[in-house]
Amino acid sequence: NNTKIAFFGLGNMGASMAKNLVSAGFQVSVYDLVEAQVKSLVDVGAIGADTPAQACEGAQIVISMLPAGKHVESLYFGPQGLVENIQANALFIDCSTIESNAAISIGRKLNDSGHRFVDAPVSGGVAGAAAGTLTFIVGGHEADFQQAKPVLENMGKNIFHAGAVGAGQVAKICNNMLLAILMAGTSEALQMAIDNGLDPKVMSDIMLQSSGRNWTLELYNPCPGVMETVPSSNNYQGGFMVDLMNKDLGLAMNTASQHNSVTPMGALAKSLFQLHGNAGNGKLDFSSIFKSFKH
Ligand code: NAD
């Protein structure tokens, strides 16, 4: 495969995603602010870069997987930004979860500089990233979507075209608002069962075969010891940080206010996760919200 991809952001999600592109035979040059992250990707066959500009050499496609919109803005347009260093008419694919309006403005600025942009946030968590089974939710022009799709298919199983630039982020934020509600609700139900002497594993099995069934029970149980390979059974390390969920819930509330959407459940989830983050749990996985129901 002759396509060269410059990949930025090798954190909980990005490291596995970049690795899957290497396995698929792409030439992947990688850059992260944390040197050790770059090294771990070089060990599996990626080309390490010391600077963002170096990663751009010969690349036609950029993929970024960064915490928030400000990081994407500064990587693309800041001093030594990618926009100055990549070949003309490159396709930028941003997989981070960022504000929809920020994605729209980034897309416009890239177009003005002779490049193309799709927003392509993901769902599926760190396990989905590792297994290459992520869901990609893409916003952008049809032709750009068609170019991005065969690349994304090496990191994900379901690739959706949600609409114009920014639409991917709107869809993603609706999904994550629901995820936060489900994680808090599942935690609350499990703890009430425990408070009444039930075994959380048995209770989880019951709900999995009953009408309370949902993604958190299927793949991401918040109660330690119920599932082996999830963050809750690893002291809530790895996974999806509370700080990032709070960022997403903030984006959801902004999106709600734009068109007067009524989101009482989302607003409550935001307060619960904010309280939990402010209490010093920001770097833990978001399923640690379970701890706040314990007494
Ligand atoms: P993370 O904090 O683990 O990783 C982010 C990485 O970006 C870090 O390694 C950091 O050093 C790097 N970085 C920051 N600024 C940079 C820059 N200017 N240049 C290069 N590298 C830079 O975060 P994550 O969990 O991998 O999440 C990334 C994005 O994906 C976030 O927007 C998050 O909301 C979203 N997301 C995460 C999950 C999840 O389960 N973790 C699931 C879906 C979506």
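Across region 1-20, the qualifying residues are those that are within 15 Å of the ligand (Cβ to nearest atom) and part of a strand (DSSP E or B), and the one among them that is surrounded by the most Cβ atoms within 10 Å (Cβ to Cβ) is Phe7. When the test is whether a residue is touching a strand residue (DSSP E or B) at 6+ places or on another chain (Cβ under 9 Å) and either over 16 Å from Ser100 (Cα atoms) or free of Cβ contacts under 8 Å to residues at least 40 places away in the same chain (or both), Lys283 passes it. Residues in region 21-41 that are assigned to a helix (DSSP H, G or I) and within 23 Å of His71 (Cα to Cα) were compared, and the one that is farthest from the ligand (Cβ to nearest atom) is Leu21.
For every residue, the table says whether it meets (1) surrounded by fewer than 19 Cβ atoms within 10 Å (Cβ to Cβ); (2) within 27 Å of Gly277 (Cα to Cα); (3) within 16 Å of the ligand (Cβ to nearest atom).
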{"site": "Lys157", "(1), (2), (3)": "yes, no, yes"}
{"site": "Ile173", "(1), (2), (3)": "no, yes, yes"}
{"site": "Ala189", "(1), (2), (3)": "yes, yes, no"}
{"site": "Leu208", "(1), (2), (3)": "yes, no, no"}
{"site": "Pro231", "(1), (2), (3)": "no, yes, yes"}
{"site": "Gly239", "(1), (2), (3)": "no, yes, yes"}
{"site": "Met253", "(1), (2), (3)": "yes, yes, yes"}
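With respect to the conditions (1) closer than 22 Å to Gly156 by Cα; (2) surrounded by 15 or more Cβ atoms within 10 Å (Cβ to Cβ); (3) more than 9 Å from the ligand (Cβ to nearest atom), Leu66 falls short on a single one, namely (3).
Is it the case that Leu217 is within 30 Å of Gly166 (Cβ to Cβ), surrounded by 13 or more Cβ atoms within 10 Å (Cβ to Cβ) and hydrophobic (A, V, I, L, M, F, W, C)? Let's see the steps before the verdict.
Numbers: within 30 Å of Gly166 (Cβ to Cβ): no; surrounded by 13 or more Cβ atoms within 10 Å (Cβ to Cβ): yes; hydrophobic (A, V, I, L, M, F, W, C): yes.
Here the answer is no, as Leu217 does not meet what is asked.
Just give me the residues in region 151-175 being under 16 Å from Asp94 (Cβ atoms) and either free of Cβ contacts under 8 Å to residues at least 12 places away in the same chain or polar (S, T, N, Q) (or both), in sequence order. Once the filter is applied, which keeps residues that are under 16 Å from Asp94 (Cβ atoms) and either free of Cβ contacts under 8 Å to residues at least 12 places away in the same chain or polar (S, T, N, Q) (or both), region 151-175 yields only Gln169. Return the only residue of Ser271, Ser292, Ser257, Ser261 being among the small types (Gly, Ala, Ser) and not in a helix (DSSP H, G or I). Ser261 is the lone residue from the list that is among the small types (Gly, Ala, Ser) and not in a helix (DSSP H, G or I).
Among the residues making up region 88-101, those that are free of Cβ contacts under 8 Å to residues at least 60 places away in the same chain and under 21 Å from Cys174 (Cα atoms) are Ile93, Asp94. Ile104 meets all of the listed conditions (1) out of contact with any Leu (no Cβ under 9 Å at 6 or more places or on another chain); (2) within 12 Å of the ligand (Cβ to nearest atom); (3) in contact (Cβ under 8 Å) with a residue 60 or more places away in the chain; (4) not basic (Lys, Arg) but one, namely (2). With respect to being more than 28 Å from the chain's Cα centre (by Cα), of a type in the set (A, V, I, L, M) and not assigned by TED's automatic domain parsing to the domain that holds Ala129, Met192 fits the description. Checked against (1) under 19 Å from Leu251 (Cα atoms); (2) more than 11 Å from the ligand (Cβ to nearest atom); (3) aliphatic (A, V, I, L, M), Ala90 passes all but condition (1).
The values are calculated or read from the model by the stated rules, or taken from the named source; none is laboratory data. None of the values given here were measured: they were computed from a predicted structure. Glycine also receives a Cβ, built like all others from the backbone with ideal geometry; neighbour counts cover every protein chain displayed.
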